[in-house]
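The values are calculated or read from the model by the stated rules, or taken from the named source; none is laboratory data. As the structure is a computational prediction, the values presented were derived from the model and not from experiment. Don't worry about glycine lacking a Cβ; one is built from the backbone with ideal geometry, like all the others, and counts go over all protein chains shown. SASA here: full protein model, heavy atoms, side chains in, ligands and nucleic acids out. Shrake-Rupley method; radii C 1.70, N 1.55, O 1.52, S 1.80 Å.
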Amino acid sequence: MKIGILTSGGDCPGLNAVIRGAVIKGDKLFEDEFIGFKDGWRGVIDDDWMTLPRRRVRGIGRIGGTILGTSRSNPFAEGEDGAAIVRRHMDENDMDAIIAIGGDGTLFTANRLYEAGVPVVGVPKTVDNDLDATDYTFGFNTAVEIATEALDRLRMTGDSHHRCMVAEVMGRSVGWIALHSGMAAGAHVICLPEFPLTIGEICQYVKSAFDRGRAPLVVVAEGFVPSDAPEGFMDYDLDEFGRPRFGGVAQVLAPLIEERLGIESRATVLGHIQRGGEPTGYDRVLATRLGTAAVDLVHQNRFGHMVALRGTEIVDVPLTEAIDSVKRVPEPRWREAEVLFG
Ligand code: F6P
């Protein structure tokens, strides 16, 4: 078979491991031929691709980013018949199937194409870990490791200056990275979008830690808004899919804490550092397994499905399951973290 692969949406450590896993398995077991579309759906729309022989994926499993490039292009952008363009370019290149590696936006597009008759399978990807149909997404573990290391460093400088350090981590509208990195670093309060605290509650935790002689560490998920936030507390631009482009809530919270408590406070936004660099061993293994399993899906004609992790097993689920709902931090996970605050 001739299979096209693309990586789309925000990049994520482990993308190259998926590509490598798919190419090696397809080459060894099925004599598949692979091409890689450049910059996600943009490459499909513009018919811009590179060949992916086995030697091209040598050693890439441990490298971050994506050798194919990525973008947030959408073949269904205003008024275009995305499916017709994709089908035309697949026919011109004698392609049998597409493996689309991406987050909710990419998988939504993949499902739309599938419904229009395009043979496509998905591989879920996001540092945010917000896809409901899979227990964990690759990239999340790496992001948590990077964030945890950064939080440890912030605690150290905070300790020296007796300051309150407010660190903002990624996650879009969910708090998984904040919850895991905050817990790992022993944060004094973790602010999640799912369980919004008031500014007063955050200050109480900060004060209690400070009064015990600690330099308070506040971890805030980028999508957090205090429950008593005044109108227009944060005003975000929208991305190509109409979702808020987050960033900056720590810079608003830190001065508020300083003003209310008189404790010198500093804000750090970890931002894209969480997505760069080499994937952890865990993410390399998960990504490789998903890549090899995606090739099986193609050969089993399981189009409109994606590979997913359930427990320790790789399974396949309809793409619709991935895009129907967001995986939020559940209440028991919040309660077990909250008891440690202050
Ligand atoms: O979805 C992954 C993510 O890193 C989010 O955590 C973050 O809000 C967003 O992407 C940033 O997007 P961009 O790379 O387009 O700035």
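Listed by first and then second residue, the pairs linking a residue in the stretch 271-294 that is farther than 14 Å from Ala150 by Cα to a residue that is polar (S, T, N, Q) and modelled with pLDDT of 95 or more, with Cβ atoms under 7 Å apart and 6 or more places separating them unless they lie on different chains, are Pro279/Thr142; Thr280/Asn141; Thr280/Thr142; Tyr282/Asn141; Asp283/Asn141; Asp283/Thr142. Could you tell me how many of the residues in the stretch 24-52 are open to solvent by less than 30 Å² (accessible area, probe 1.4 Å) and within 24 Å of Arg72 (Cβ to Cβ)? Selection size over the stretch 24-52: 9. Gly105 meets the conditions (1) assigned to a loop (DSSP other than H, G, I, E, B); (2) under 23 Å from Ala17 (Cβ atoms) in every case but one. The failed one is (1).
Checked against the criterion of being within 15 Å of the ligand (Cβ to nearest atom), among the β-branched types (Val, Ile, Thr) and open to solvent by less than 40 Å² (accessible area, probe 1.4 Å), the stretch 192-200 has no qualifying residue. Scanning the stretch 150-173 for residues being within 21 Å of Phe224 (Cβ to Cβ) and hydroxyl-bearing (Ser, Thr, Tyr) gives a total of 1.
Per the listing Ala147, Ala100, the residue uniquely open to solvent by less than 10 Å² (accessible area, probe 1.4 Å), closer than 30 Å to Phe76 by Cα and among the small types (Gly, Ala, Ser) is Ala100. Given the condition at positive phi, within 16 Å of the ligand (Cβ to nearest atom) and in contact (Cβ under 8 Å) with a residue 12 or more places away in the chain, answer yes or no: does some residue in the stretch 81-99 qualify? Among the residues of the stretch 81-99, not one is at positive phi, within 16 Å of the ligand (Cβ to nearest atom) and in contact (Cβ under 8 Å) with a residue 12 or more places away in the chain, which makes the answer no.
Any chance the stretch 21-40 includes a residue that's within 16 Å of the ligand (Cβ to nearest atom) and either farther than 19 Å from Val285 by Cβ or in a strand (DSSP E or B) (or both)? Yes, the stretch 21-40 has at least one match.
The set of residues in the stretch 53-74 that are open to solvent by 40 Å² or more (accessible area, probe 1.4 Å), modelled with pLDDT under 95 and within 13 Å of the ligand (Cβ to nearest atom) contains only Arg72. Please indicate, with yes or no, whether at least one residue in the stretch 216-234 is under 28 Å from the mean Cα position of the chain (by Cα), over 14 Å from Met165 (Cα atoms) and of a type in the set (Val, Ile, Thr). Yes - at least one qualifying residue is present in the stretch 216-234.
How many of the residues in the stretch 234-252 are away from the ligand (no atom under 15 Å from the Cβ) and hydrophobic (A, V, I, L, M, F, W, C)? Final tally of qualifying residues: 1. His305 satisfies every condition listed in (1) open to solvent by less than 30 Å² (accessible area, probe 1.4 Å); (2) in contact with a Pro (Cβ under 7 Å, 6 or more places away or on another chain); (3) of a type outside the set (Asp, Glu) except (1).
Tallying residues that are closer than 20 Å to Gly276 by Cβ and part of a helix (DSSP H, G or I) within the stretch 55-76 yields 3. Count of the stretch 253-275 residues, restricted to those that are open to solvent by 50 Å² or more (accessible area, probe 1.4 Å) and within 16 Å of the ligand (Cβ to nearest atom), is 3.
Once the stretch 131-144 is narrowed to residues that are part of a loop (DSSP other than H, G, I, E, B) and open to solvent by 10 Å² or more (accessible area, probe 1.4 Å), the residue that is farthest from Gly102 (Cα to Cα) is Asp135. The listed residues are Ala209, Ala150, Ala184, Ala167, and the only one of them that is assigned to a helix (DSSP H, G or I) and within 16 Å of the ligand (Cβ to nearest atom) turns out to be Ala150. Test of understanding: among Gly213, Gly223, Gly175, which residue is farther than 16 Å from Ile257 by Cβ and open to solvent by 50 Å² or more (accessible area, probe 1.4 Å)? Result: Gly213 is the single residue among Gly213, Gly223, Gly175 that is farther than 16 Å from Ile257 by Cβ and open to solvent by 50 Å² or more (accessible area, probe 1.4 Å). Only residues that are touching a strand residue (DSSP E or B) at 6+ places or on another chain (Cβ under 8 Å) and β-branched (Val, Ile, Thr) were counted in the stretch 282-325, giving 6. Evaluate the stretch 87-97: report whether one residue or more is at pLDDT 95 or above, open to solvent by less than 10 Å² (accessible area, probe 1.4 Å), part of a strand (DSSP E or B) and closer than 17 Å to Asn301 by Cα. Scanning the stretch 87-97, I find at least one residue that is at pLDDT 95 or above, open to solvent by less than 10 Å² (accessible area, probe 1.4 Å), part of a strand (DSSP E or B) and closer than 17 Å to Asn301 by Cα, so the answer is yes. Only residues that are of a type in the set (Val, Ile, Thr) and in contact (Cβ under 8 Å) with a residue 60 or more places away in the chain were counted in the stretch 32-65, giving 2.
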